[in-house]
Every structure is written in C-alpha cells, then in structure tokens.
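J.: Would you mind keeping the following structure in view while I ask a few things?
The values are calculated or read from the model by the stated rules, or taken from the named source; none is laboratory data. These numbers come from a predicted model, not from an experiment. Here Cβ is always computed from backbone atoms with ideal geometry, including for glycine, and neighbour counts include all displayed protein chains. Heads up: the accessible areas ignore ligands, DNA and RNA and are worked out on the full protein's heavy atoms, side chains in. Shrake-Rupley method; radii C 1.70, N 1.55, O 1.52, S 1.80 Å.
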Amino acid sequence: MPSATLTTPAHTGTPAPGGPRANPWLTLMAVAFGLFMVGLDGSVVSIANPEIGRDLNASTADLQWVTNSYLLALAAALILGGKLGDRFGRRTFYLIGVAGFTAASVAIGLSGSITGVIVFRAFQGFFGALLMPNTLGMLRAVFPPRKFGMAVGIWAMVSSVSTALGPIVGGLLVQHVDWESVFYINAPIGVVAIVFSALVLPQSRNTAAADEKFDIAGVVLLALGLLSVVFGVVKGETWGWTSGGTLGAIAAGLLILVLFGWYETRVASPLLPMRLFRNPALTIGTVITALNFFVLLGVIFFVMLYLQNVRGFSPVEAGVRTLPLSLASVVASPLGAALTDRFGPRLTMPLGMGLQAVACFTMLSWSADSSYTTMWPPFIALGLGVGMVMASSSDAIVGNAPVADGGVAGGLQATALQIGGALGTSVLVSLITSRVGATLTDELTSAGVPAQAASGLAEAKDAVAMGAAPVSGEMPAALKPAVVEGSHAAFMNGVHTSVLVAGTLCVLGAVVAAVGVRRAPGRP
C-alpha cells in the first residue's frame, strides 16, 4: 500500500492527517502487540528452561546460553535498531523486527536441538532490538507533548504486565502443553501485530539524516563494548566476580565504550549523539531505568526460587501468587504518567524508587515459612514502584530527546533496561550465593545437623543458593528435616542480603532523581 505511506517531518514528528494512520491511539495499540510479545518472552523462558534441559539433554551451561545469547544480541543491537528506524523509517524496522522475532520463535520450537535453540534465541534478540526502540520512537513522533506522557504510561504498563505475566503463562504452557508452546505462542501474536500495524502505523523518520553517512565504526564499537560488558556480567556469577575473565571482559567493554563516546563526539553523523546527555533528566532517567530493572528482574528471579523451591509451589501456583505485582503495575503506569504530566518526573521517579525500597526492606521480614499475608504487600509496593518509574523514566529519556532522535532515545532506554536486568539477576544471585556459602555450615549446625555432616554439606552451597535443600534418599530420615531447615535458613540469609542491597540502591536512586531531575524548558 505505497499510497498510504506517510513520512514524518523531522521538526514536528506529526503524520499528515487522514485515515487510520492519523490516529496516534491506533499507533499505540499497534506497538503494544510487539512490545507485549518481547516482554512476555523475556520472562517466560526461565520457566521453560528445566523442561528444555530434560527434553534436549542440555547441560546447565547450555541453558545459561539459552538466556545469554538472547540478552547479548538484544543489548548489542538496540541503539542500532533505533538509529535505523530514525533514518530509514521506524514503521519499516518495527515491522521487520516483529516478523523476524515471530519467525525466530517458531524456529526455536521446530529446532529439535539445544544448539538450534541457542542460535535462534540470538536471532530473537536481534529482531527484538529492531522493534523495541522504534515503539517509543513512533509514539514520540505521533503524540503531541501534552499527551506523550500518558502514551508512555500505557506503553510502560504493557511492558511491566507482559514481563510479570511471563511466569504464569510459561507455567501454564509448560505444565499443560510442552516447552515448545512457550515460543509458538508468539506466532498468533506476531501475525496479528503485523497485519494490524501494516494497516494503521504511519511512517516516520528523520528526513534530515537521509544524506548523512552512516556511522559504521560507531555501530561496531558500541556492539563490541556492550557485548563485552554484558558477557562479563552474565558470566560473573559462574566465573566469580573477582576472576580475571570477569574483570577483564567488563574492563575491556568499558574501555571500548569510552572509546565509542570519544569517537561519537568527533564524527559528523554519530550513531548516538553525545549531546543528548547534556540534558540531566535524560541522563538520570537512563540510570534510573537500569536500576528499575536491576531491582525488578533480580527480585522476581529469587522470589520465584523462594516460592517454588522453598515453599514448594508449582510454577503456575507461584505465578498466581505474584499477580499483585502485575495488577499494581497496571494501576501504576498510567497513574505515574498522569502525575509526571502534571508535576514532572522529579516527583514520580523518586516516588517509584521509594516504593521499591519499601518493598525490598519489607522482604527482610520474610522467613522460610512466612505466610502469604507477609508476601503480597511488598509485591504491590514493587509493582507500583516499577510502573511509576517506567512511565517517568521513559518520559525523561524519550520526551527530552528531539523528535528526530526518538528511535535512538528509545534504543538508549531499552539498552539501559536490558543491562540493568542482566546486572540485577547476576549481582543479586551472586550475593545470595556468597551469603549462603558464609552461613550454611552454621545454619545446618544450629538446626541440629552434626558438625561433620554439616561441613560435608557445605559443598552443596550452589544448590542451596537456588533454594534447594541437599537431601538424598540415602540420608537418615531423622536428619532430613534438620538439613531442610538449615538450608532454607541459609537461603533466606542470602535473600535478606540481596534485598538490603537492592533497597539501599533504590534509596540512592530516589535521592539522585529528586536532586538532579528538572522538567525540560518549554515542556508543559
């Protein structure tokens, strides 16, 4: 339908009137499909991993790469995806991303080998990087400033809810169908997204960049830097955070990113214009976005371990018990957007961080046999906080960037989100593992396990750090309850250390946002 293609002027970002492509709310509905698909896939796979391992005879290292290959490809290409959309058409690259993500999802289910799963997960990540930043870029182009905040609030709600629903949907599919269905579910969502988007999305691009030389060197430097940093982060848990491999990978990545930043200030048409960071709200919003998903994904990871391995709930039962988090984020995202529109992110960003701090500090009261009445209040506080921060930080990043750089700003926001999530899962799990290793023997002894047996069981600290008690069929029946009690107590020590660190970071984030964020001049 070439006659329906509309090009957005770089200075306004507003499509020409007429037809469904002139309706910004239809644009929001269209991008929500792709966003929901990627958000759901990001958290649903963790539930499927055990069954993938059993069915395909995969090792633990293989299963780690099922997650890591997706994460590395996504993190490396997000800003590139936004830049391509800004220059050649956001609608075009959004549709390419949705189509590629859908095809890769089906290929994973059909692959029949763990190698195929890992390879096609990387393709999923790459195509997800093409679609994600262009969702925000298109919203920035079609919504006027006074309505952009509410649009971002709904965008944030879809992102938060899809991520939080992943464990429930994944549990139902794995338990009642098979692990392949976790990926096949993207097929109908993707088809609907492609058809609907082709009908209603207007084309928008930065027309001024048409004759600019594409920054290939910047693409290579940024991809190498992000790949190295994220690789070091995701391997830190298994290699050790002080190992030469971990420190070397992270240090090399940071050096390459510094070189990238220097290079971008000297090239005529940079991939990521460094001038964007002159805006304090955009810079702080990027940091807070990373911190937001550091807390969300890190906490969800060990909460699911707690509910399934310590409390004994099935994946579906565990997912249902986290519903308050999803429901709270549904309320918080539009509420946070409305408050941001009226008072600016200087109010809502610290408020969201404060609510997450409350959630983390409340979890300090959890024990191995806590009742559900002690669990749902922090779930609600976490959901409210995450939703508010998603809305306000997205507004601070994309809303403060020029319309012409909307895709790049969306890529920056999505990159911060992914790196924060990777850090949260790796760092918080490492804190749990470290604390378990330091306290397991004493907790086992306190629970009644003989000192010699307790010392021998200390080698099982990795299993205990996942919430599992190292009991076996050969173990005397009288000893098993004590081993379970001591192991769970050590795991909870690790959880308390993690939530204390996470809560403290949230408080620091709230202070930084309150002090440093201002509403951009000229914005309503």
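J.: What are the lysines whose alpha-carbon lies under 24 Å from the alpha-carbon of residue 235, with same-chain residues fewer than 8 places away excluded?
T.: Hits, sequence-local ones excluded: 461.
J.: For a Förster distance of 51 Å, can you work out the FRET efficiency between the beta-carbons of residue 147 and residue 451, rounded to the nearest 0.05?
T.: The pair residue 147/residue 451 has a calculated efficiency of 0.15.
J.: Under 13 Å from the Cβ of residue 55, count the other residues' Cβ atoms, weight Lys and Arg +1, Asp and Glu -1, and hand me the total.
T.: Net charge around residue 55: -3.
J.: With the full set of protein chains in place, find how many percent of the accessible area of segment 42-109 is carbon and sulfur; take the probe as 1.4 Å.
T.: 60 percent
J.: I've got another one for you. Pull up all non-local amide H partners of residue 479: gap of 5 or more, or a different chain, and H-to-H distance under 5 Å with H placed in the peptide plane.
T.: none
J.: Between residue 25 and residue 479, what is the label-point separation in nm under the 7 Å Cα-to-beta-carbon projection?
T.: With each label placed 7 Å out from Cα toward Cβ, I get 6.7 nm.
J.: Using a 1.4 Å probe, what is the accessible area per residue for the chain, in Å²?
T.: 37 Å²
J.: I'd like the carbon and sulfur percentage of the solvent accessible area for segment 455-510, probe radius 1.4 Å, heavy atoms only, ligands and nucleic acids excluded.
T.: Details: 1590 of 2390 Å².
Here it works out to 67 percent.
J.: In what sequence, highest mean first, do 258-271, 492-505 appear when ranked by Cβ atoms within 10 angstrom? Provide the component values of the computation, followed by the final result.
T.: Values: 258-271: 15.0, 492-505: 20.9.
Ranked from most to least packed, the peptides come out as 492-505, 258-271.
J.: Starting from 0.36 nm per residue, how many nanometres of slack lie between residue 220 and residue 472 once their C-alpha separation is accounted for? Walk me through the numbers on the way to the answer.
T.: Working: separation 252, 0.36 × 252 = 90.72 nm, distance 5.06 nm.
Answer, rounded to one decimal: 85.7 nm.
J.: Please report the base-10 log of the normalised intensity I(q)/I(0) for segment 361-512, using a Debye sum with one equal scatterer per alpha carbon and no solvent, at each q in 0.08, 0.13, 0.16, 0.18 (1/Å).
T.: -0.35, -0.72, -0.92, -1.06
J.: Give the peptides 319-332, 78-91 in descending order of average Cβ contacts within 10 Å, highest first.
T.: Order by mean packing, descending: 78-91, 319-332.
J.: Report, in deg cm²/dmol and to the nearest 500, the calculated mean residue ellipticity at 222 nm for the chain, where each DSSP H run with n ≥ 4 adds -39500 (n - 2.57) and the sum is divided by the residue count.
T.: That calculation yields -26000 deg cm²/dmol at 222 nm.
J.: Can you tell me what percent of all Cα-Cα pairs in segment 265-354 are more than 18 Å apart?
T.: Cα-Cα pairs of segment 265-354 separated by over 18 Å account for 62 percent.
J.: Separate question: Enumerate the lysines that residue 213 could reach by cross-link, defined here as Cα to Cα under 20 Å, with residues fewer than 8 away along the same chain left out.
T.: Partners found: 83.
J.: Same structure again: Rounded to the nearest 20 debye, what is the charge dipole size of the chain about its Cα centre when +1 sits on each Lys and Arg Cβ and -1 on each Asp and Glu Cβ? List each step's numbers first, then the result.
T.: Numbers: 26 positive and 23 negative charges, 391 e Å.
So the magnitude is around 1880 debye.
J.: Now a separate question. Which helices pass in the chain if a helix is a full DSSP H run, must span at least 30 angstrom along its long axis by Cα, and must have mean Kyte-Doolittle hydropathy not below -1.0?
T.: 24-56, 60-88, 90-111, 114-142, 145-176, 216-239, 280-305, 376-398, 406-446, 480-516
J.: Additional query: Once you put a point 7 Å from the Cα of residue 314 and another 7 Å from the Cα of residue 251, both along the Cβ direction, what distance in nm separates them?
T.: Here the modelled spin labels are 5.0 nm apart.
J.: Which value in Å does the Kirkwood hydrodynamic radius of the chain take, with 1/r averaged over all unlike C-alpha pairs and then inverted?
T.: 23.4 Å
J.: Just how far, in whole angstrom, is segment 384-438 from segment 294-338 if you go by their alpha carbon centroids?
T.: 17 Å
J.: Need the full-extension length gain, residue 462 to residue 178, defined as separation in residues times 0.36 nm minus the C-alpha distance. One decimal, nm.
T.: Value of the extension gain: 99.4 nm.
J.: Also: Report relative contact order for the chain in percent, whole number only (criteria: Cα-Cα under 8 Å, sequence separation at least 6).
T.: 21 percent
J.: If you don't mind, there's one more thing I want to ask. What is the gain in length, in nm to one decimal, between residue 196 and residue 514 on full extension, counting 0.36 nm per residue of separation less the C-alpha to C-alpha distance? Working shown, then result.
T.: Values: separation 318, 0.36 × 318 = 114.48 nm, distance 4.04 nm.
Length gained between residue 196 and residue 514: 110.4 nm.
J.: Sort 357-367, 288-298 for me by packing, meaning the mean count of neighbouring Cβ atoms within 10 Å per residue, highest on top.
T.: Highest to lowest by the protection proxy: 288-298, 357-367.
J.: Expressed as a whole percentage, what fraction of the accessible surface of segment 160-203 belongs to carbon and sulfur atoms when a 1.4 Å probe is rolled over the protein heavy atoms? Walk me through the intermediate numbers first.
T.: Working: 1210 of 1530 Å².
Carbon and sulfur: 79 percent of the exposed surface of segment 160-203.
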